[in-house]
Structure formats: structure tokens, C-alpha cells
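Let me begin by presenting the structure, written as C-alpha cells, before commenting on it.
The values are calculated or read from the model by the stated rules, or taken from the named source; none is laboratory data. All of these numbers come straight from a predicted model, not from anything done at the bench. Cβ: placed from backbone, ideal geometry, glycine included. Neighbour counts: every protein chain shown. Accessible surface is based on the protein model in full, side chains and every heavy atom, while ligands, DNA and RNA are left aside. Shrake-Rupley method; radii C 1.70, N 1.55, O 1.52, S 1.80 Å.
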Amino acid sequence: MIIFKTISSLQNHLKLLSGQHAKIGFVPTMGALHEGHLSLLEFSKKENDVSVCSIFINPSQFNNQSDLIKYPVTTEQDIFLLEKNSTDIVFMPSLEEMNTLKFHSKGDFNLDGMDNILEGLHRPGHFKGVCEVVEKLLKIVQPTTLYLGEKDFQQCMVLKKLVRLLQLNVCVKTCPISRAASGLALSSRNLRLSEKGKVQAATIHKILSNIKAHLTINNWLQLKESSITELLNNGFEHVDYLEMCDMESLEILNNAPENNEVIILIAAFIENIRLIDNIKTSANILTN
Ligand code: AMP
């Protein structure tokens, strides 16, 4: 495993590899790595000659300063895990060097309103920051394939759009959510939860699974209300949103369509920590 801390040293190395027509898989992360990140790297390793994992905490995607300050940093453990999992290349650029890179767009892309709903609505400027840093990383690494986790479903959609807008020659692959045995979606932010908080946080997956089991074409609003009540009764302080959306456009729906799959997305706070999750489903057909 080789660790690069400057853009030029990484690019010199990657130039040699692309000269050999190597397929390059890329997994961007903010560190505090867990099995979810490693699962993306597994997909990358299977499908490419070389896998690059970046670790970079991008301040411009944090709309809340205290969230940024409290974001877990576990660099030694991250390097240990990446080495153990036979990652080829780790890219850990400095904030200073990343800030010197300037592109005309500065993250200001026309995302067709995708940045004003759900995560975008509750975290103003978040997707602008994400687009700004991912544009930089993609132009530095120039991967064959970019691997993203569906835990951040809206981010996957935004970044697919970004790749199209920038006309980048990169394939985007989205990978399933890795969960703890309790069903809790793995997240770097889980490191900040108490033991009790971790148990209670699994209520998110419980309510999502319950929605999947019981959703019909006309009971969404009742399911939504009872799910929010269950979360608030199980240690959650606040629910930013719990919405049912069209899988393609993310349009918020009040009734589940008869035939199409939908996605249920949630963001909620427990122990002052904001967790997100989602589940794909379709309306169950009632039988007597
Ligand atoms: P982050 O370090 O949180 O920015 O995440 C880096 C990448 O890992 C993103 O593409 C995330 O969607 C993905 N990721 C984070 N948690 C999970 C998970 N539990 N399962 C699958 N992918 C994940």
C-alpha cells in the first residue's frame, strides 16, 4: 500500500498506471473507516487493477461547524484497516493543497433542485461543498469507476448528475448499505453514540423495515406519523425528515404508486448526532 499526501506525487504514480491501461477504482471517504467503506473497496478491488481510497474531511460540506469539529478522526486505525484489506493506494491530501485548486464552477452546479430538498433543505450548502470537492478529487484521480454508498442515496444521485454535467469519462457505481447486526446503518458518526444510543438508533432500521412490510397505496401518511412517534419514544430528539420519494427524481410523494419502486429516506437526531438511512420498497398488494 502506498500513501500519497500530495497531488503531484499521486498523479505521477497514476500516470504510470494509466500508461499501462490499468483500470482504476476510486472510493472517496472522510475517514473514520468502517465495514461500509471497506465494502466499497471490495467492489473496487474486484473490478479494477488498482484501487484508490481518499481520506479527506471536506469542511465546505459541513453546514454546521460543531459537526465538523466533532467529526471523528481515526487516521492510524484507518491506515491499519486499509493495509489489512490490501488497498493499493491511499490519498490523504492536505486542506491547504486542496484549497489551492480552483475550478470555475466552485461547486455551483445546476442540480435541477436536487440540492434544495431533503439533505439539501436541511443542510444548506452541503451539496455545493460535496460537488466542489468531488470535482477536484475526480480530476486528480481520473478513475475508471467511482464507488459510492447508497446510505447517502441523494448524494449518489447528485454525484451522478455532477459526472454528467462535467462530462467526465467515469462510470459511477452505487453499492448497498452495510449494517450492524442490529440493522443500524454503519456510519462514522456512530462512533459518537453511547452504547444505549447505539441500541436505540437501530429503531431507524426497525421503522424502515416496518414501512416496507406494511406500505400500501394509501397508508403512507399514517405510517409516517406512527414511525415518527416511535422514533421520538425511543430516544430520538428530532426527525429532520421522513419522506417517501420517487426513485428517479426524488420527488416527494404522498401516496405510493401501484407499480413503481419508491425510496423512503430519513434523517433524525439521537444524542445530538444526526443519522441518515433509507430503504427501497414498493406498495404491498392487500390480500384478504
Ligand atoms: P463518508 O466517509 O461518510 O463520506 O463516506 C464515504 C463513502 O462511503 C460514501 O460513498 C458513503 O455513502 C459510503 N458509506 C458510508 N457508510 C456506508 C455504509 N454503511 N454502507 C455502504 N456505504 C457507506
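Exactly one of (1) at negative phi; (2) touching a residue at least 24 places away in the same chain (Cβ under 8 Å); (3) surrounded by fewer than 19 Cβ atoms within 10 Å (Cβ to Cβ); (4) more than 15 Å from the ligand (Cβ to nearest atom) is unmet by GLU135. Its number?
(3) is the only condition that GLU135 fails.
Does any residue of the range 167-182 turn out to be part of a helix (DSSP H, G or I), touching a residue at least 12 places away in the same chain (Cβ under 8 Å) and either over 30 Å from LYS136 (Cα atoms) or out of contact with any strand residue (DSSP E or B) (no Cβ under 8 Å at 6 or more places or on another chain) (or both)?
No, every residue in the range 167-182 fails to be part of a helix (DSSP H, G or I), touching a residue at least 12 places away in the same chain (Cβ under 8 Å) and either over 30 Å from LYS136 (Cα atoms) or out of contact with any strand residue (DSSP E or B) (no Cβ under 8 Å at 6 or more places or on another chain) (or both).
Among the numbered criteria (1) under 30 Å from GLY129 (Cβ atoms); (2) more than 14 Å from the ligand (Cβ to nearest atom); (3) without any contact (Cβ under 8 Å) to a residue 40 or more places away in the chain; (4) hydrophobic (A, V, I, L, M, F, W, C), which single criterion is violated by TRP220?
Status for TRP220: all satisfied but (1).
Determine which single condition THR6 fails, assuming it passes every other condition in (1) surrounded by 19 or more Cβ atoms within 10 Å (Cβ to Cβ); (2) of a type outside the set (Asp, Glu); (3) at negative phi.
(1)
In the range 138-170, what residues are among the β-branched types (Val, Ile, Thr) and away from the ligand (no atom under 15 Å from the Cβ)?
ILE140, THR144
Determine, yes or no, whether ILE263 is away from the ligand (no atom under 14 Å from the Cβ), in contact with a Gly (Cβ under 7 Å, 6 or more places away or on another chain) and either over 26 Å from MET157 (Cβ atoms) or open to solvent by less than 40 Å² (accessible area, probe 1.4 Å) (or both).
Answer is no for this residue.
If you check every pair at least six apart or on different chains, which have Cβ atoms under 9 Å apart with a residue in the range 250-269 that is among the β-branched types (Val, Ile, Thr) first and a residue that is crowded, with 16+ Cβ neighbours inside 10 Å and part of a loop (DSSP other than H, G, I, E, B) second?
ILE252/ILE117; ILE252/LEU118; VAL262/LEU215; VAL262/ALA256; VAL262/SER282; VAL262/ALA283; ILE263/LEU250; ILE264/LEU215
Can you name the condition, by its number, that SER66 falls short on among (1) over 19 Å from the mean Cα position of the chain (by Cα); (2) within 15 Å of the ligand (Cβ to nearest atom); (3) at pLDDT below 95?
Of (1) over 19 Å from the mean Cα position of the chain (by Cα); (2) within 15 Å of the ligand (Cβ to nearest atom); (3) at pLDDT below 95, only one is false for SER66: (2).
Please go through the range 142-164 and give me each residue that is part of a helix (DSSP H, G or I) and open to solvent by less than 20 Å² (accessible area, probe 1.4 Å), ordered by number.
If the condition is that a residue be part of a helix (DSSP H, G or I) and open to solvent by less than 20 Å² (accessible area, probe 1.4 Å), then GLN154, CYS156, VAL158, LEU159, LEU162, VAL163 are the ones that fit.
Select from the range 270-279 the residues that are touching a residue at least 60 places away in the same chain (Cβ under 8 Å) and either open to solvent by 50 Å² or more (accessible area, probe 1.4 Å) or touching a Cys at 6+ places or on another chain (Cβ under 8 Å) (or both) and list them in ascending order.
GLU271
Anything in the range 120-132 that is open to solvent by 30 Å² or more (accessible area, probe 1.4 Å) and out of contact with any strand residue (DSSP E or B) (no Cβ under 7 Å at 6 or more places or on another chain)? List them, or say none.
Across the range 120-132, the qualifying residues are LEU121, PRO124, GLY125, LYS128, GLU132.
Out of the residues in the range 6-44 that are more than 15 Å from the ligand (Cβ to nearest atom) and in contact with a strand residue (DSSP E or B) (Cβ under 8 Å, 6 or more places away or on another chain), state the one that is modelled with the lowest pLDDT.
Checked the range 6-44; the qualifying residue modelled with the lowest pLDDT is SER18.
Does the range 231-244 contain any residue that is among the β-branched types (Val, Ile, Thr), within 16 Å of the ligand (Cβ to nearest atom) and either open to solvent by less than 40 Å² (accessible area, probe 1.4 Å) or without any contact (Cβ under 8 Å) to a residue 60 or more places away in the chain (or both)?
No: zero hits.
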